[in-house]
Amino acid sequence: TTFQDGGEEVEDGAVYNVTLKKVQIQQAANKGARWLGGEGDQLPPEHTVRQYETSKIRAIKAGTLEKLVENLLTAFGDADFSYISIFLATYRAFASPRAVLELLLDRFGNLETSSHGEVANLNSLESEMVLRAEIASVLRAWLDQCSEDFREPPDYMCLLKLLDYLKNNMPNSDMESRVQNLLKQFQNQEVEAVDGFCSTSSSGLVDGEELEISNPEEFSSFQDHVVAEQLTYMDVMLFRRVVPYHCLGSIWSQRDKKENKNLAPTIRATITQFNAVTKCVISTILGTRELKIQQRAKIIEKWINIAHECRILKNFSSLRAIISALQSNSIYRLKTTWMFVSKDVLLMYEELSEIFSDHDNYLTSRELLMKEATSKFANLDSSEKENQKKSQKRLQLQKNKGVMQGTVPYLGTFLTDLIMLDTALQDYVEGGLINFEKRRREFEVIAQIKLLQSSCNSYCLIPDQKFIQWFRRQRHLTEEESYKLSREAEAAADTNILSPKSQKSMVKRISTLFLGTDVFTPPKEQPPKSSPAGGSSGESTDSASVSSCEFNHSETEDVCVTPVSSPEDPLKKSSVGSDKGYDSDKGSISSDKGSSSKGSISDPASGSDSGSIPSRDSGSGPGSAPRALPVYNRQSEGSCIIRVSVDGLHDSVYKSILITNQDRIPDVTQRALLKHNLEPDALEDYELVQVISEDKELVFPRDANVFYGMNSHVNFDFILRKKA
């Protein structure tokens, strides 16, 4: 089979990509070979005749909503077999279920007045049967793939409209009974809290119970594999409930608006669970002041072993939560405690941390996730013999049980990709047509989420109520509390003892681990006033490199854990000015101003790898070429992504904005105000400023071209400031 680009076809309200597909349909013996009695499949090529058939594949590239809905009925005829799935997975970004259903049933589904395609003019029984079959196929796919679209309590208007249509046009059909059952299911279902398994509020506790700091002995009583299995059980239950379209950048990025406080509850529940695991790790290590150094080191070892068990279970969500907690300021700075962690466990910790290295846009974790997405068991490779033996022994035990495993991903990776796509690609193209090429690119990510969700059905885990109740009872420390306890834990130790050898694979900065929340880049923490002015060199170095971050700010789903370099890290000085974090709103790379050295300038290209999405085929056809996407900190093909904060309003909350070489100050200012949920009409009251260094700024004139006027040799960080 060969493919050839056939260009574009333009119709009223739609643009199509055309691909020509050439397929060999028959291979027969030529005349001489037939005379000798030979068969075509047994002869060399020179004695055969091949017959080919060329077919045309039309894939809609852009169109009006009416054309996109009509294409649901014609896509199979155009050989665009994935169109229905792509549309159903992404249409919520540009239309409501009611709008699509009304177009499908009233405009195209009315058998008397339909003007759909060729069958419209035939007015025959055959044409009605064809149209009825096409609509039934679309509705069946809709109910199979996106039944949640019809959950609209208490009225269920769309479901009732669909039921009325089926009674009139397809009476007594399987589809009608199916819709009736779905309606009863929705009506009878009690409202379930999607985060029921990970609630840490008092409402999730049994009567008489209160939140408490973990008892080390009680925590130690749980076996490592039991903890990992229970965390996986909770993660699986929540991940399977994730509604894929909630992850779309255009939807998830709107969660901060007041009217959207209940938006994407399935994503918020997953984030809450992730945060609960991270905070549980920190609380168990620091919550008990009376612990000896060796006891605290044992708890750290236990969490590393639990993380390893999560790796065996292919639970990358809790694995990353545990690793991130161990890399947080308050845990990583426990220099003396880390010295009592055994060498083998430290090597295991280093290997697990390497999975989430931010090198090349987290390439290691992406490749590992796709490699194990549908595999029966984890593929464990360890450079350390002892760890390798332990891993293989545990893995063999799993295999002997004969129970296959699914894969629980770290959802933040997908959220970042989808938000980046939403930033880089336009929603509409010339003529006001909906850009469906963008939806095809988004579906590539959505399809991966769906694949992993289906793999989670392979898990066979039984809840352990004793552990789940213990997990819910934990009182989580705030960032201030955990850092205070961390300092107290180290106060009696020799401050000249260096921390354990720095892990080369340590992720430099995990700021807002769920990448779907805004980045809070905290100011550099000052040593407490009670500290001696002339503290030891080891302590002062540590204090200077720790940045404070609130765990308990208003957006409870946000996580902000900032690992720091160890004092002996030879790369520390060179990396201070270029410490990276993720702008979770748009997945771009952010500079940690809090830890920047004065006057230092980060390499403008340093964020290019991590800020970009690997090129992938757009899905429009075999002949289409992937398009390079704009990235943060690099101007490319007349566009780039900048980060804008508002002076005096959450100074460290950035929003990513795509700009082109045509954008001037009023355009960018208005978009930035909208992103920060401010009145766009107030743009005359603001000026746009680029941060050059700690003591230098570039102020733009009223009508300046931002793309050409900005300094491209420093970070693309801007501030909106009210005019004096």
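The values are calculated or read from the model by the stated rules, or taken from the named source; none is laboratory data. Predicted model only: the values in this text are computed from it and were never measured. So basically every Cβ, Gly included, is an ideal-geometry build from the backbone, and we count neighbours across all protein chains shown. Quick note on the areas: whole protein, heavy atoms, side chains included, nothing else; ligands and nucleic acids left out. Shrake-Rupley method; radii C 1.70, N 1.55, O 1.52, S 1.80 Å.
Checked against (1) modelled with pLDDT under 90; (2) open to solvent by less than 10 Å² (accessible area, probe 1.4 Å); (3) touching a Lys or Arg at 6+ places or on another chain (Cβ under 7 Å), Met404 meets all criteria but (2). Residue-level check: of (1) in contact with a strand residue (DSSP E or B) (Cβ under 7 Å, 6 or more places away or on another chain); (2) open to solvent by 20 Å² or more (accessible area, probe 1.4 Å); (3) at pLDDT below 90, Val429 misses just (3). Scanning segment 83-102 for residues that are farther than 11 Å from Leu72 by Cα and assigned to a helix (DSSP H, G or I) returns Ala89, Thr90, Tyr91, Arg92, Ala93, Pro97, Arg98, Ala99, Leu101, Glu102. Has segment 432-448 got any residue that is open to solvent by 20 Å² or more (accessible area, probe 1.4 Å) and either of a type in the set (Val, Ile, Thr) or under 18 Å from Leu313 (Cα atoms) (or both)? No; the residues of segment 432-448 include none that is open to solvent by 20 Å² or more (accessible area, probe 1.4 Å) and either of a type in the set (Val, Ile, Thr) or under 18 Å from Leu313 (Cα atoms) (or both).
Only one of the listed residues (Lys314, Lys335) is within 30 Å of Ile462 (Cα to Cα), open to solvent by less than 20 Å² (accessible area, probe 1.4 Å), among the basic types (Lys, Arg) and in the same structural domain as Gly412 (by the TED database). That residue is Lys314.
Taken over segment 639-675, the residue count meeting the criterion of being within 14 Å of Asp256 (Cα to Cα) and open to solvent by less than 20 Å² (accessible area, probe 1.4 Å) is 4. None of Phe274, Phe239 is closer than 27 Å to Glu301 by Cα, open to solvent by less than 30 Å² (accessible area, probe 1.4 Å), of a type in the set (Phe, Trp, Tyr) and within 16 Å of the chain's Cα centre (by Cα) except Phe274. Condition first: farther than 17 Å from Tyr654 by Cβ, part of a strand (DSSP E or B) and either open to solvent by 30 Å² or more (accessible area, probe 1.4 Å) or outside the structural domain of Gly648 (by the TED database) (or both). Now tell me which residues in segment 676-697 satisfy that. Across segment 676-697, the qualifying residues are Glu687, Lys696.
For segment 315-352, filtering for residues that are closer than 22 Å to Thr272 by Cα and either of a type in the set (Ser, Thr, Tyr) or within 19 Å of the chain's Cα centre (by Cα) (or both) leaves 12. Screening segment 242-251 for residues that are part of a helix (DSSP H, G or I) and in contact with a helix residue (DSSP H, G or I) (Cβ under 6 Å, 6 or more places away or on another chain) and picking the one that is farthest from Leu674 (Cα to Cα) gives Pro244. Among the conditions (1) surrounded by 16 or more Cβ atoms within 10 Å (Cβ to Cβ); (2) modelled with pLDDT of 90 or more, the only one that Ser253 does not satisfy is (2). Those helices (runs of 4 or more DSSP H) of segment 297-375 in which 3 or more residues are within 26 Å of Glu488 (Cα to Cα) and of a type outside the set (Lys, Arg) occupy 316-326, 329-332, 335-339, 343-355. Test of understanding: among Leu131, Leu159, which residue is at pLDDT below 90, among the aliphatic types (A, V, I, L, M) and crowded, with 20+ Cβ neighbours inside 10 Å? One residue alone meets the criteria, Leu131. Filtered by the rule that a residue be under 31 Å from the mean Cα position of the chain (by Cα) and not in a strand (DSSP E or B), segment 712-724 gives Ser712, His713, Val714, Asn715, Phe716.
Within segment 282-295, being open to solvent by 10 Å² or more (accessible area, probe 1.4 Å) and either touching a residue at least 60 places away in the same chain (Cβ under 8 Å) or aromatic (Phe, Trp, Tyr) (or both) holds for Gly287, Thr288, Arg289, Leu291, Ile293, Gln295.
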